[in-house]
There are 2 protein chains.
Amino acid sequence: MKLKEIGEFGLIERIREIFGKGEGVLAGLGEDVAVVKAGGGCLLLTADLLTEGVHFRSHLISPFQLGWKALVVNLSDIAACGGIPRYFLVSLIVEPEREWESVREIYEGIKAAGDRYGATLVGGDTSRGEALTLSIALLGEGIRDEVILRKGARPGDQIYVSGTLGDAALGLRLLLQGKKKGYLIERHLSPTPRLTLGRELARRHLATAAIDISDGLVQDLSHILKESRVGAKLHLERVPISDECREEAEALGLDPLRLALSGGEDYELLFTVAPGDESQLEEVAGLCRVPITRVGEVTSERELRLFKDGKGISLEISGYDHLKGS
Amino acid sequence: MKLKEIGEFGLIERIREIFGKGEGVLAGLGEDVAVVKAGGGCLLLTADLLTEGVHFRSHLISPFQLGWKALVVNLSDIAACGGIPRYFLVSLIVEPEREWESVREIYEGIKAAGDRYGATLVGGDTSRGEALTLSIALLGEGIRDEVILRKGARPGDQIYVSGTLGDAALGLRLLLQGKKKGYLIERHLSPTPRLTLGRELARRHLATAAIDISDGLVQDLSHILKESRVGAKLHLERVPISDECREEAEALGLDPLRLALSGGEDYELLFTVAPGDESQLEEVAGLCRVPITRVGEVTSERELRLFKDGKGISLEISGYDHLKGS
């Protein structure tokens, strides 16, 4: 069977079957971040790559923004598990014809994100190749009984998201239509990893499960549900959408809700909180200066059901699959 | 200026200038392995990628061998600094048209190397793309005052290599000529990381500096000399060459010495030992079941001089540069 038929998540499943779970590994394949024992604490390991033509197009993103984003997508995984980013490695595939100046700007973008969020470049690799590729591996630190995984959600937990959703997906559409600037485009090109929020959720033992929204709310929620062996109700009227997204989407004849549900790359956090613990969230939101919105609840029936104003509805939603390409 | 003009090592120099050395980093950019403080010990971080058309050609290496080699080139870096490999991440770029079966074999090769040398896969990333690429990041463990770097060689130290050199380079030539099997081809396709040797050298505080030979003896030695701010004399008649390499090279009208000096991918260790400590090496060689040969000595004049049977000679030697392509 071809990879495009089994898809990215089918591939990951098969890799898990080959490898199983190793010794000293608290969480590994199937999570965005691997958690391994180290002394009294634990180490967090994550890797994400961006490759030209799949994750970005060079004429739509500056080299600086590309470097920034390549590190941020990794930082965002550390954020989701409540960890602290420490050290990273950058492996670069680049055309030998490229000017050093543009590569310098890529590394300056990487450095800006590293400096901003406390991560240090310590090594990597370089090779020539046709498709510009940044493959980053990031090492973070966590406290063992604090780390948040995908697999801890329990029936009755409330489901929350940070910030607003759909902005980045719409920003990409605007870029493809020739627009250059604005809030939505900025959200697509220069995402923010929610590290402070992730740390607070972990430190206070507030989140039972978490993930960063890289592939769309529905798809990323389904990862939590699968790993936690639970289902959920999602209340679509509660999904937070920015005014900019709503207005611009409507001007373009697009459904902002659909962008919010299936558009990826917002790098907001999606997390579940045990009933009774919700009251602390307002304080956390204030502290982290990011809105937090309740969008649903975890159920014991293992399916994801969508509701709009209390009524069950059916929507065909597909997140992004990097092997299928849609 | 274009990257092909500044080359791989010029690029690394420039990246070093941008980033400097971070806090808690005992060794970083400029080494194959980054060493960072962690509790009483230290963590070792390394990344190496293999990409189709640059590091391998799919019709000359089986998927299993490719997986094996992709992990081994990383393990070899951990070997050179005397560390213990622990956990790794695999980021894969692959054509969506590829059959799962062949990808399965790649991961089985990775798993075989991981199982053999004690490293566990804990995560990674996957994306579609034209050029099959395996980007691996490996985390290892070291003991702080044992870790061997490139930068510790001192004038008067003796220079040693493990095993024989030139085998892998000649194996590649044979593959390109249509041969399929044999010792030399095996050396190219299925290298061995010298982890036990590296550990013994570290544990006994025997090596003052070390590197694995991935780009050729002369080029890799020059990295040690540069980082240690020293020079060296290399005695060419002492460079260890296998009978297979010598015979096959001569049959093809090639100079086996030149293959040994500039042919990369042998993944043997090149290391320096303080005078007086040489006597322990025989025991180490026996224990690790690998020959160790003295090939030169470190000098205070910062240049590399080549000698053949006691006479200084001049040879144009170039190692491999992954950006220049030669």
In the list B:Ile213, B:Ile159, which residue meets the criterion of being modelled with pLDDT of 95 or more, among the β-branched types (Val, Ile, Thr) and closer than 20 Å to B:Gln65 by Cα?
B:Ile213
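Let me confirm something: among B:Val94, B:Val103, B:Val90, B:Val73, which residue is of a type in the set (Val, Ile, Thr) and out of contact with any helix residue (DSSP H, G or I) (no Cβ under 9 Å at 6 or more places or on another chain)? Walk me through how you get there before you give the answer.
Values: B:Val94 fails: out of contact with any helix residue (DSSP H, G or I) (no Cβ under 9 Å at 6 or more places or on another chain); B:Val103 fails: out of contact with any helix residue (DSSP H, G or I) (no Cβ under 9 Å at 6 or more places or on another chain); B:Val90 fails: out of contact with any helix residue (DSSP H, G or I) (no Cβ under 9 Å at 6 or more places or on another chain).
Every option except B:Val73 fails the conditions.
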Show the residue pairs that are 6+ apart or on different chains and have beta-carbon atoms under 7 Å apart, the first residue being within the range A:18-43 and within 7 Å of chain B (Cβ to nearest Cβ) and surrounded by fewer than 23 Cβ atoms within 10 Å (Cβ to Cβ), the second being assigned to a strand (DSSP E or B) and aromatic (Phe, Trp, Tyr).
A:Val36/B:Tyr87
Qualifying positions in the range B:1-11 - surrounded by 16 or more Cβ atoms within 10 Å (Cβ to Cβ), at the interface with chain A (Cβ under 7 Å from one of its Cβ atoms) and under 30 Å from B:Glu95 (Cβ atoms)
B:Leu3, B:Lys4, B:Glu8, B:Leu11
Taking the range A:1-21 and keeping residues within 26 Å of A:Leu139 (Cβ to Cβ), of a type in the set (Lys, Arg) and outside any loop (DSSP other than H, G, I, E, B) leaves A:Arg16
Counting just the residues of the range A:220-234 that are touching a strand residue (DSSP E or B) at 6+ places or on another chain (Cβ under 9 Å) and part of a helix (DSSP H, G or I), which one comes out surrounded by the fewest Cβ atoms within 10 Å (Cβ to Cβ)?
A:Glu227
How many residues of the range A:93-103 are free of Cβ contacts under 8 Å to residues at least 24 places away in the same chain and within 7 Å of chain B (Cβ to nearest Cβ)? The answer is 3
Mind listing just one residue for me: the one in the range A:108-142 that is part of a helix (DSSP H, G or I) and at the interface with chain B (Cβ under 7 Å from one of its Cβ atoms) and, of those, farthest from B:Phe88 (Cα to Cα)?
A:Glu108
Looking at the structure I just gave you, is B:Gly83 within 16 Å of the chain's Cα centre (by Cα) and at pLDDT 95 or above?
yes
Find the residue count for the range A:64-92, including only residues that are within 13 Å of chain B (Cβ to nearest Cβ), polar (S, T, N, Q) and over 26 Å from A:Ile148 (Cα atoms).
1
Filter the range A:195-219 down to residues that are crowded, with 20+ Cβ neighbours inside 10 Å, of a type outside the set (A, V, I, L, M, F, W, C) and more than 18 Å from A:Pro291 (Cβ to Cβ), then give me how many there are.
5
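Of these, A:Ser135, A:Ser162, A:Ser190, A:Ser91, which one is of a type in the set (Ser, Thr, Tyr), surrounded by fewer than 23 Cβ atoms within 10 Å (Cβ to Cβ) and at negative phi?
Working: A:Ser135 fails: surrounded by fewer than 23 Cβ atoms within 10 Å (Cβ to Cβ); A:Ser162 fails: surrounded by fewer than 23 Cβ atoms within 10 Å (Cβ to Cβ); A:Ser91 fails: surrounded by fewer than 23 Cβ atoms within 10 Å (Cβ to Cβ).
Answer to the check: A:Ser190.
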Right, A:Ile61: away from every other protein chain (no Cβ under 11 Å) and more than 24 Å from B:Arg14 (Cβ to Cβ) or not?
no
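The values are calculated or read from the model by the stated rules, or taken from the named source; none is laboratory data. Bear in mind the structure is a predicted one, so any value in this text is a computation, not a measurement. Glycine gets a Cβ as well: all are built from the backbone with ideal geometry, and neighbour counts include every protein chain shown.
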